[in-house]
1. Restricting things to alpha carbons, tell me how big the chain is in terms of Rg and Dmax, in Å.
2. Where does the Debye-calculated log10 I(q)/I(0) of region 1-135 sit at q = 0.15 Å⁻¹, using only Cα point scatterers of equal weight, no solvent?
3. Would you kindly state how much longer the chain becomes between residue 121 and residue 54 on full extension, computed as 0.36 nm times their sequence separation minus their alpha carbon distance, in nm to one decimal?
4. Over region 1-81, with a single point scatterer placed on each C-alpha, what log10 of the ratio I(q)/I(0) does the Debye formula yield at q = 0.11, 0.12, 0.21 1/Å?
5. Against the longest alpha carbon principal axis of the chain, how many degrees, from 0 to 90 and to the nearest 10, is the axis of helix 10-21 turned?
6. Taking 4 °C and 1.567 mPa s as the conditions, I'd like the Stokes-Einstein D for region 177-222 in µm²/s, using the Kirkwood hydrodynamic radius from alpha carbon pairs.
7. Can you give the extra length, in nm with one decimal, that the chain gains between residue 232 and residue 294 once fully stretched, where that is 0.36 nm per residue apart less the Cα-Cα distance?
8. If the elastic network links every pair of Cα atoms under 10 Å, which of 117, 274, 182 fluctuates the most in the Gaussian network model of the chain?
Ligand SMILES: NC(=O)c1ccc[n+]([C@@H]2O[C@H](COP(=O)([O-])OP(=O)(O)OC[C@H]3O[C@@H](n4cnc5c(N)ncnc54)[C@H](O)[C@@H]3O)[C@@H](O)[C@H]2O)c1
């Protein structure tokens, strides 16, 4: 029986590697060609092509899916319609294949950006997955977040209506490989590491790379392990979980973590920022509650911010 990992990017690649290392049969599929991790078969597949997806699953005897294929927020801002097609219809195709083929479990990559919507009205207690949300005034603050929320809703409905076993994982802002950047947190770390290596002074003025208050980060290695825990969990009840470690960091904390590796780094940024992370309008009022991920999936993060920054900075070319 095979696990199909959709999306051979940062998190999908690490997930496939993790599964292969423990002896699982793994197929890694992406719309782009690329190198397969050791022990993994890599194939071409576009998640917007439902018949091709179904054929692929049948050909490889797929039993479980980890679906990470998506357009991230920066790409989706440039071509919303194509991004919506990949992120919403692609997810719908995965769920529909699970229904038609009777797959065992589908793990979907979601994002804590779906909770940013409730920041303005939320108090200082950790933000639960099942956060109260007013449909109009607390609506998602980006098309990307709306796609992720749609995916969660579709997954819940495929479970309720058709009995499909789904788990959605909301990763915090992910830190990983700096040589293939598609995400805002990746761009932030890459910018600081490059400035640190050349001991340059840098003025952070891109509104997507600065934030007031504090934000959560998670290591891509932890996201991969969370995916595997979600595949293995005996009885996921809530079906939506935060992948975060309960720590939240100011921009000053983040810069300091990079400065511990590159003491010559000097960075400045606008004072009195009122926006939140990645240009979102509100600042985070509390960290995400991750207790259900621990109790239902047996998952806790292993890599704190400093460890993550050091690991990925050292690997970058
Ligand atoms: N990186 C983050 O900060 C972050 C945070 C929260 C959630 N997520 C989610 O985690 C998942 C993985 O993110 P990542 O950081 O690995 O991103 P990534 O960009 O590294 O990987 C996404 C992969 O999806 C592939 N893809 C795009 N369109 C496709 C299509 N039509 N068919 C098949 N493959 C396609 C891309 O080629 C890419 O390899 C995504 O769903 C993302 O939304 C990421």
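Derivation of every value follows stated rules applied to the coordinates shown; laboratory data play no part. The model shown is predicted, which means the values in this text are computed figures rather than measured ones. Positions of Cβ are generated from backbone atoms using ideal geometry, with glycine treated the same way; all protein chains shown enter the neighbour counts.
1. Gyration radius and largest Cα-Cα distance of the chain: 19.0, 57 Å.
2. Each listed q corresponds, in turn, to -0.77.
3. Contour length minus the Cα-Cα distance gives 19.9 nm.
4. The computed values of log10 I(q)/I(0) come out as -0.28, -0.33, -0.91.
5. Roughly 60 degrees between the two axes.
6. Details: Rh = 11.9 Å.
Stokes-Einstein gives a translational diffusion coefficient of 109 µm²/s.
7. On the way: separation 62, 0.36 × 62 = 22.32 nm, distance 1.30 nm.
In short, 21.0 nm is gained.
8. The residue that fluctuates most here is 274.
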